[in-house]
Protein chains: 2
Amino acid sequence: MDDEHMETTRPKRSERRSSAQGATSVDVAADRATIQDVAKAAGVSNTSVSNYMNGRLERLGLETRARIADAVGRLGFKPNQAARQLKTGKTKGIALVVPSIVNPFNGQLVFAIEQAAVKAGYAVHLCNTMRDNAVEKRFLENLVGLGVSDLITIAPLSARKGFYRPQSDFSVVAIDADRSDLRLPRLDTINFNHEVAIDLAVEHLYELGHRRIAYVTDPMITYSRRKRLAGFKAAMANRGLQGDLVVLLDADHGARDIADAEMLEVGRSAAPEVLKLRPRPTAVVAFNDMIALGLLASFRQAGLSVPGDLSLVGIDDVWVSQLSYPALTTVRQPIEAMGAAAVDRIINHLAGAVGGGSDTLFLPELTVRETCGEPSS
Amino acid sequence: MDDEHMETTRPKRSERRSSAQGATSVDVAADRATIQDVAKAAGVSNTSVSNYMNGRLERLGLETRARIADAVGRLGFKPNQAARQLKTGKTKGIALVVPSIVNPFNGQLVFAIEQAAVKAGYAVHLCNTMRDNAVEKRFLENLVGLGVSDLITIAPLSARKGFYRPQSDFSVVAIDADRSDLRLPRLDTINFNHEVAIDLAVEHLYELGHRRIAYVTDPMITYSRRKRLAGFKAAMANRGLQGDLVVLLDADHGARDIADAEMLEVGRSAAPEVLKLRPRPTAVVAFNDMIALGLLASFRQAGLSVPGDLSLVGIDDVWVSQLSYPALTTVRQPIEAMGAAAVDRIINHLAGAVGGGSDTLFLPELTVRETCGEPSS
DNA sequence: TTATCGAGGTGTATCGTTACACTAACCAAG
DNA sequence: CTTGGTTAGTGTAACGATACACCTCGATAA
């Protein structure tokens with residue numbers, strides 16, 4: 001076993017000479033066994049091999065079955081999916097369109113979706129759009145060619161603003177979007193009960209004694225942003241409180257926003273605005289955990305103690321929120337369940353159910369950690 | 001054998017096209033335009049359409065070109081990739097095998113790879129293995145059927161321990177792996193200069209006056225872990241220092257480990273071990289940022305101040321490390337560049353370069369934030 | 001006896017695209 | 001007038017799997 005053999009292995013056979021003109025690519029395509037090879041090796045017809053591969057065992061005798069199994073194993077036969085798809089027209093692929101997986105919420109959701117899809121035997125085609133409409137369009141057009149017609153999209157902007165509407169009929173499952181926003185013929189939505197979530201957060205603060213509560217969000221227009229804002233107003237009104245709203249308008253936040261650190265920045269720059277409010281709020285609810293964590297860092301730098309001087313609640317319960325100091329109190333979104341549900345809707349579509357029309361709402365759960373206490377003043 | 005009664009009623013394409021208009025039913029099986037339809041519509045041969053679609057415009061007259069362009073636009077023709085692939089044997093797909101995208105380092109890397117791949121016109125097939133060998137195996141076997149033979153893998157375990165070696169000839173680009181670990185015929189590696197990274201960290205602490213420095217890592221066996229550990233020992237020895245090593249052996253950390261919060265846990269449980277060391281170290285270098293953040297949280301809970309009582313350096317500079325308090329000093333890994341390089345190697349493979357054999361090493365860069373100061377004692 | 005049935009197969013057209021081998025003009029040069 | 005070379009095409013056989021029609025037995029029923 002010497003380590004000297006650094007020579008690159010060359011394609012062994014299939015010696016073909018073509019025109020020496022141009023960059024003729026190497027025959028990378030390995031000579032993989034075809035169904036015909038297996039049939040020949042097993043001494044049966046290709047139809048029988050096909051039946052075997054597709055589990056139609058009742059049409060095969062025991063001995064034939066064994067001979068085919070043996071040949072398949074010996075040749076390492078894997079059916080060519082391109083040929084299969086060309087003939088059947090069916091695909092086992094799901095497109096997954098997401099602003100950016102670096103955002104921890106999206107990352108966890110994509111992870112959950114991928115796990116569920118793989119379990120169901122589907123391949124996932126991932127696209128991080130960065131909310132770039134052109135990217136999304138190119139991606140979806142490619143998918144049409146690939147025969148993929150089922151799409152899961154996360155937090156799309158409303159139809160007018162950006163969602164690319166493919167002319168061919170995709171079945172779409174939208175997470176964090178409103179049915180009336182994306183006017184699509186075959187749409188399922190998966191959402192989170194934002195109103196209840198906000199109410200849970202406000203209720204928690206209310207019980208601790210807080211009466212002056214601010215809400216911090218950013219100017220993007222997604223379903224969750226609208227719903228949470230409305231939910232906050234309602235939660236406050238229901239308790240006879242007046243909400244101090246801080247909506248941060250970030251200049252370079254209009255188009256290419258989203259991801260990771262930028263969301264933190266939103267929270268950071270919102271902190272001074274919160275502190276300017278009079279009377280000063282004793283608690284803050286943030287649109288999501290990332291903004292909350294940005295606020296937290298900024299409050300700390302301003303010499304304020306959380307929860308000593310100010311209580312803070314986030315929403316989502318992404319995994320980073322347990323990492324801050326103090327650990328963030330937040331409202332949990334059941335990410336895994338939502339991802340699994342999305343895949344489930346897709347599978348139902350493909351199983352032949354009529355064009356989907358379901359709206360699923362998941363329930364929030366308060367996760368109490370360390371950023372809330374009784375009001376100081 | 002040959003009989004004349006081969007007449008089977010074969011539906012013509014023209015018949016399949018039912019122009020149902022009105023509120024009858026949804027056009028469920030929307031049959032997409034084929035190259036033949038376009039040829040007919042443009043009054044040319046399918047070969048000419050094929051040439052047009054593949055940019056071989058020099059074989060087309062100006063007028064023909066325009067007629068085809070028009071027909072393609074009118075019919076919304078998108079080539080069927082399954083048919084194309086079946087004929088050519090080529091795919092524009094890259095498999096991406098990663099333990100879990102929830103881990104922020106992997107998430108950022110996958111993001112970078114996806115962006116680079118899309119830019120180059122490649123589809124990405126993502127698989128979060130959770131280091132489950134069976135999952136990885138199933139995934140890769142499916143890909144063989146899909147004609148994908150190019151694979152990017154992140155932080156695979158060494159060959160013996162787990163990396164699934166596909167029998168068919170994949171071209172593999174491994175990020176965070178050693179050439180000698182995965183004995184594969186066509187392998188490129190993309191790595192980070194771990195020794196220099198650690199040296200940068202130790203140097204930074206040394207300059208601040210630290211002489212007693214501990215290193216915290218976890219027991220998994222990956223390339224980066226081995227290299228960083230060795231690098232730490234070397235960096236200490238070169239400065240005439242003795243390193244206090246803390247290797248945490250976490251029981252339920254053996255097999256299904258990795259992701260997000262769990263890495264934090266490693267840091268958390270390592271903190272008491274660090275504080276037990278005598279003489280007590282004045283600074284700690286962590287294997288990566290996540291462990292460092294876990295340590296940070298735990299030190300704080302123990303009533304210690306960072307960097308007052310103890311300095312701390314991480315490695316990677318994942319985006320979360322700027323979120324902690326105090327913000328983490330770390331050594332930056334050029335994630336975007338590494339992702340782009342990985343895709344570049346794949347494309348070179350497909351462009352016909354002989355079976356890849358390159359090892360690329362990226363350089364670290366110290367990112368000074370707030371967790372390091374002069375030693376207290 | 002003949003008809004019928006089902007189990008266990010076989011043969012081949014077909015999916016949509018590209019590769020390849022042609023051809024039909026036209027033009028320039030020997 | 002051939003010969004040869006472009007230019008701008010055309011016709012058709014693959015690629016590998018599946019669907020479907022068909023076939024051949026032996027057993028069972030009428």
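Taking the range A:312-340 as the range and being in a helix (DSSP H, G or I) and either aliphatic (A, V, I, L, M) or more than 13 Å from every other protein chain (Cβ to nearest Cβ) (or both) as the test, the residues that pass are A:V320, A:I335, A:A337, A:M338, A:A340. Report whether or not B:R10 is near DNA strand C (Cβ under 7 Å from one of its atoms) and modelled with pLDDT under 95. In short, yes.
Looking only at the range B:279-311, how many residues end up being among the acidic types (D, E) and within 14 Å of another protein chain (Cβ to nearest Cβ)? Selection size over the range B:279-311: 1. If you go through the range A:92-114 and pick out every residue that is crowded, with 20+ Cβ neighbours inside 10 Å and either within 16 Å of DNA strand D (Cβ to nearest atom) or closer than 28 Å to A:N54 by Cα (or both), you end up with 6. Scanning the range B:178-190 for residues that are touching a helix residue (DSSP H, G or I) at 6+ places or on another chain (Cβ under 7 Å) and open to solvent by less than 30 Å² (accessible area, probe 1.4 Å) turns up B:D181, B:D188, B:I190. A search for C-beta distances below 8 Å between a residue of the range B:43-62 that is assigned by TED's automatic domain parsing to the domain that holds B:R74 and any residue that is more than 9 Å from DNA strand C (Cβ to nearest atom) and part of a loop (DSSP other than H, G, I, E, B), counting only pairs 6+ apart in sequence or on different chains, returns B:S48/B:L60; B:N51/B:L60; B:Y52/B:L60. Considering the range A:307-324, and only residues there that are in contact (Cβ under 8 Å) with a residue 24 or more places away in the chain and surrounded by fewer than 24 Cβ atoms within 10 Å (Cβ to Cβ), the residue that is nearest to A:G107 (Cα to Cα) turns out to be A:W319.
Regarding B:R84, is this residue open to solvent by 60 Å² or more (accessible area, probe 1.4 Å), under 22 Å from A:K87 (Cα atoms) and within 9 Å of DNA strand D (Cβ to nearest atom)? Spelling it out, B:R84 is indeed open to solvent by 60 Å² or more (accessible area, probe 1.4 Å), under 22 Å from A:K87 (Cα atoms) and within 9 Å of DNA strand D (Cβ to nearest atom). Among the numbered conditions (1) free of Cβ contacts under 8 Å to residues at least 40 places away in the same chain; (2) at the interface with chain A (Cβ under 8 Å from one of its Cβ atoms), the only one that B:E136 does not meet is (2). When A:L62, A:L75 are screened for being away from chain B (no Cβ under 12 Å) and open to solvent by 30 Å² or more (accessible area, probe 1.4 Å), only A:L62 passes.
Here is the figure for the range A:31-56: residues that are open to solvent by 40 Å² or more (accessible area, probe 1.4 Å) and either within 30 Å of A:V148 (Cβ to Cβ) or within 14 Å of chain B (Cβ to nearest Cβ) (or both) total 13.
The values are calculated or read from the model by the stated rules, or taken from the named source; none is laboratory data. Every value quoted in this text rests on a predicted model; they were computed, and no experiment measured them. When we count neighbours, we look across all protein chains shown, and the Cβ atoms used for this are built from the backbone with ideal geometry, even at glycine. Note: areas computed on protein heavy atoms with side chains; ligands, DNA, RNA excluded. Shrake-Rupley method; radii C 1.70, N 1.55, O 1.52, S 1.80 Å.
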